[in-house]
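First the structure, in the form of structure tokens, and then the observations on it.
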Amino acid sequence: MKIAFLTDPLSQFKIYKDSTYAMMSEAVSRGHKIFAFGPSDLALKSGRVSATVREVHLTNDGATWYQLGEVEDLELQVFDAVLQRKDPPFDMEYIYSTYLLDLAEHQGALVFNKPSAIRDHNEKLSIAQFPQFTTPTLVTRSEQKIRAFFDTHRDVILKPLDGMGGTGIFRIREDGMNLGSVIETLTENQQRTIMVQKYIPEIVDGDKRILLIGGKVVPFALARIPQGGEVRGNLAAGGIGVAQKLNERDLEIAQTLAPILSERGLLLVGLDVIGNYLTEVNVTSPTCFQEITQQTGINVAAMFVDALEHQVGSKDT
């Protein structure tokens, strides 16, 4: 296969933990050719979607782990698969790229995750489709409504709808200290909608990342455990990742969502679960492949490439 990765600059990869690198390495080990490009390389010309791409050749040198081939301008349908692996921010430029990828799909490209499905699944708001698995939640820009929610629950988490890596997350405890300031900051004086949730004490045991691949559930999660008094377990916020076998509740949540999200064109999804509750549905560039593989021996990247090969094969038949 020829696989194109729409991703962040390769020079920024930390290959010891990067999930996109794990995908690339597994694909190359099977004889597939891989190419890379960024959002600025996409173009629509004369009604056709193309990208300026370069073939990626992996080396065994950790310092310079890749070499790039010649620059080529290719229409996206010439690839067997296009993988959308660009990290947020999920801004208008990100959305414009999904529109171009939509057009590429109509021209014959196979894109994962499906660009329209990425747009339709805000990583915070998507949990509202599965209320049986969520903690009490409010989405609003109204200070009055936020204060009323706090008065009911007395220990809450406030977060932006477009954050990643734990950025912009605040906890307000029983005394309500700084609630007004946090509301002003996150809502920009009631101009931006945010999410408020009842605090889940089980965060001390970790914010579990559960991976769904091609409608199947990876049997181990990565529990990202907060450190040093932090309320955030995100690895980017200093959390420590510990692989754990899924418990009964984890499986209930994952097995319910897996076929639904797969049917919608989401080949790879990262669910975030704290205690008994679903807190996020990550669809842009879910991670934690390497941490789970290193601690359990389960080759998550191989599961992903298996699913990708199946999808490509299904299209060909």
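The values are calculated or read from the model by the stated rules, or taken from the named source; none is laboratory data. Note that the structure is predicted; figures quoted are calculated from it, not measured. Cβ: placed from backbone, ideal geometry, glycine included. Neighbour counts: every protein chain shown.
Based on what the data block shows, is Thr140 touching a helix residue (DSSP H, G or I) at 6+ places or on another chain (Cβ under 8 Å) and touching a residue at least 12 places away in the same chain (Cβ under 8 Å)?
On the way: touching a helix residue (DSSP H, G or I) at 6+ places or on another chain (Cβ under 8 Å): yes; touching a residue at least 12 places away in the same chain (Cβ under 8 Å): yes.
Spelling it out, Thr140 is indeed touching a helix residue (DSSP H, G or I) at 6+ places or on another chain (Cβ under 8 Å) and touching a residue at least 12 places away in the same chain (Cβ under 8 Å).
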Being at pLDDT 95 or above, touching a Lys or Arg at 6+ places or on another chain (Cβ under 9 Å), among the β-branched types (Val, Ile, Thr) and surrounded by fewer than 21 Cβ atoms within 10 Å (Cβ to Cβ) narrows Val312, Val273, Val242 down to just Val242
Is it true that some residue in the range 181-202 is buried (at least 19 other Cβ atoms within 10 Å of the Cβ) and modelled with pLDDT under 95? no
Inside the range 148-168, can you point out the residues that are buried (at least 20 other Cβ atoms within 10 Å of the Cβ), of a type outside the set (Phe, Trp, Tyr) and either under 16 Å from Thr135 (Cα atoms) or without any contact (Cβ under 8 Å) to a residue 60 or more places away in the chain (or both)? Val156, Ile157, Leu158, Lys159
How many residues are out of contact with any Gly (no Cβ under 9 Å at 6 or more places or on another chain), assigned to a strand (DSSP E or B) and closer than 25 Å to Asn113 by Cβ if we restrict to the range 198-227? 4
Here the residues within the range 269-295 that are more than 14 Å from the chain's Cα centre (by Cα), of a type in the set (S, T, N, Q) and not in a loop (DSSP other than H, G, I, E, B) are Gln290, Thr293, Gln294, Gln295
Could you identify the single residue in Gly38, Gly31 that is out of contact with any helix residue (DSSP H, G or I) (no Cβ under 9 Å at 6 or more places or on another chain), within 12 Å of Phe5 (Cβ to Cβ), modelled with pLDDT of 95 or more and of a type in the set (Gly, Ala, Ser)? Gly38
Provide a single number: the residues in the range 49-93 that are part of a helix (DSSP H, G or I), under 23 Å from the mean Cα position of the chain (by Cα) and touching a residue at least 60 places away in the same chain (Cβ under 8 Å). 1
